[in-house]
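S.K.: One structure is given below, represented as structure tokens, and several questions about it will come after.
The values are calculated or read from the model by the stated rules, or taken from the named source; none is laboratory data. Fair warning: this is a prediction, and the values are worked out from it, not measured in the lab. As a convention, Cβ positions derive from the backbone with ideal geometry for all residues, glycine included, and neighbour counts pool all protein chains shown. Side chains included, ligands, DNA and RNA excluded: accessible areas come from the protein's heavy atoms. Shrake-Rupley method; radii C 1.70, N 1.55, O 1.52, S 1.80 Å.
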Amino acid sequence: PIVILKDLNHMQVADGIVGEMISKTNRHDYESSLSLEEAHVKIAEVIASFVVITTLRPSKSLQNRDGIEFKVFAQACKDQLEHTQLSREMMGGFRALSDDAFIANHAMDMQRSVANLKEKIEIVPNFHLTKHDFLYSKPMLLNSFPNCGQEMHIHYTAQDPIQWHKDLPKSVSQISPTFAIKAKSQAFFLSFCKKQGEPSSLMELNQKNFEKVWNEYITEEERIKYQEKGRKLQFGEDIFVPSPPTWVDTPLKITHSDSVTIIQSPYTKRNLDNEQIPKNMRGVFYGKPMTAAQIYEWIVYDAFRKIPSED
């Protein structure tokens with residue numbers, strides 16, 4: 001199993017020193033509350049348990065339940081199980097937010113937010129593995145039901161994770177991908193539905209996702225650490241991209257100041273009355289809201305990254 005040792009940083013596996021060549025690439029290690037000696041003890045305990053389990057497992061001496069080998073083996077199994085369970089608990093929030101079903105709901109939530117209707121609409125999210133398939137997909141109604149029970153098929157695809165700065169290597173980008181989503185605008189629905197209010201912006205959806213992660217998936221310890229030491233994340237106005245193909249290749253915009261990082265989501269749309277384009281392309285709204293998993297990564301990890309100067 002893979003285990004996570006809390007409070008250790010990467011270089012504490014070695015001598016605790018970040019090499020000169022690594023520093024030149026703007027990479028750095030995170031501050032640890034443990035001394036190098038304490039870190040080495042923690043690492044050694046995990047390695048020792050693993051060695052004991054793998055070497056004693058085939059041994060016939062384990063048949064003697066009263067023997068010293070069996071007691072050592074049982075303790076090693078117990079220790080490794082505790083490390084594995086703790087690691088799963090530490091990753092529980094991130095794993096939930098990265099789940100395929102959660103991401104599908106993220107796409108549906110964008111459609112619900114930009115439509116903002118009084119009636120409930122049935123939404124079917126369609127995931128595309130390739131950029132080519134996604135480019136040629138179009139959100140549309142495939143089935144119709146009475147009482148505004150239309151089945152709206154929307155489309156989404158995974159793209160590159162956020163790279164926080166051009167001078168940082170891609171190896172320190174986020175794990176979570178950005179998702180591009182194709183939906184329909186509120187105007188498209190108003191011939192058969194009533195609006196609840198004005199359409200939500202992606203900026204508002206990003207803030208909503210932040211609050212959900214903050215309230216439901218972040219521990220109190222992580223909240224305190226972020227509030228006291230973390231670079232704060234804010235959301236700026238959405239960025240309109242006139243061309244849909246250009247929008248597909250446009251990443252989230254990242255702007256850094258001394259203590260704040262601002263995220264802006266790109267979007268594009270087509271008016272419902274634009275007769276210069278095919279009917280199936282009218283009334284569309286394409287956007288890239290920040291995912292809950294990306295926000296989680298920021299709060300617990302990226303907020304403490306050293307961002308190179310913009311100069």
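S.K.: With respect to S257, is the statement that it is surrounded by 14 or more Cβ atoms within 10 Å (Cβ to Cβ), closer than 30 Å to P169 by Cα and among the hydroxyl-bearing types (S, T, Y) true?
M.R.: Spelling it out, it is not the case that S257 is surrounded by 14 or more Cβ atoms within 10 Å (Cβ to Cβ), closer than 30 Å to P169 by Cα and among the hydroxyl-bearing types (S, T, Y).
S.K.: Give, as residue ranges, the strands (runs of 3 or more DSSP E) completely inside segment 91-185 that count at least 3 residues that are closer than 30 Å to S309 by Cα. Break it down stepwise before answering.
M.R.: Values: elements: 122-128, 140-143, 151-161, 177-184.
So the answer is 151-161, 177-184.
S.K.: From K225, K212, which residue is of a type in the set (K, R) and either open to solvent by less than 30 Å² (accessible area, probe 1.4 Å) or under 22 Å from F102 (Cα atoms) (or both)? Even if it seems obvious, please write down each step before you answer.
M.R.: Working: K225 fails: either open to solvent by less than 30 Å² (accessible area, probe 1.4 Å) or under 22 Å from F102 (Cα atoms) (or both).
Just one listed residue meets the conditions, K212.
S.K.: Moving on to the next point. Only residues that are within 20 Å of the chain's Cα centre (by Cα) and free of Cβ contacts under 8 Å to residues at least 40 places away in the same chain: list them for segment 228-264, please.
M.R.: Within segment 228-264, Q234, G236, D249, T250, K253, T255, V260, I262 meet the criteria.
S.K.: Filter segment 80-115 for residues that are more than 29 Å from Q174 (Cβ to Cβ) and open to solvent by less than 50 Å² (accessible area, probe 1.4 Å) and give the result.
M.R.: Q80
S.K.: For S49, are the conditions met, namely being small (G, A, S) and either assigned to a loop (DSSP other than H, G, I, E, B) or in contact with a Phe, Trp or Tyr (Cβ under 8 Å, 6 or more places away or on another chain) (or both)?
M.R.: So S49 fails the test.
S.K.: Would you please list the contacts, defined by Cβ atoms under 9 Å and residues six or more apart or on different chains, that run from a residue in segment 103-115 that is within 18 Å of L190 (Cα to Cα) to a residue that is assigned to a helix (DSSP H, G or I) and open to solvent by 10 Å² or more (accessible area, probe 1.4 Å)?
M.R.: Going by the 9 Å Cβ cut-off, the qualifying pairs are S113/E204; S113/K208; V114/Q186; A115/Q186; A115/F188.
S.K.: So Q196 clears everything in (1) within 19 Å of the chain's Cα centre (by Cα); (2) open to solvent by 80 Å² or more (accessible area, probe 1.4 Å); (3) polar (S, T, N, Q) except one condition, right? Which one?
M.R.: It is condition (1) that Q196 fails.
S.K.: Working carefully through the options Y267, Y286, Y301, find the one that is surrounded by 13 or more Cβ atoms within 10 Å (Cβ to Cβ), under 16 Å from the mean Cα position of the chain (by Cα) and not polar (S, T, N, Q). I'd like the intermediate steps shown before the answer.
M.R.: Values: Y267 fails: under 16 Å from the mean Cα position of the chain (by Cα); Y286 fails: under 16 Å from the mean Cα position of the chain (by Cα).
Unique residue meeting the criteria: Y301.
S.K.: Quick check on this structure: which one of T84, T130 is touching a residue at least 40 places away in the same chain (Cβ under 8 Å), farther than 22 Å from I299 by Cα and among the β-branched types (V, I, T)? Before you say what the answer is, go through the steps one by one.
M.R.: On the way: T130 fails: touching a residue at least 40 places away in the same chain (Cβ under 8 Å).
Only one candidate qualifies: T84.
S.K.: Name the pairs whose Cβ atoms lie under 6 Å apart, with the first residue in segment 185-209 and more than 18 Å from H106 (Cα to Cα), the second modelled with pLDDT under 95 and open to solvent by 90 Å² or more (accessible area, probe 1.4 Å), and 6 or more positions between them or separate chains?
M.R.: K194/K118; Q196/K118
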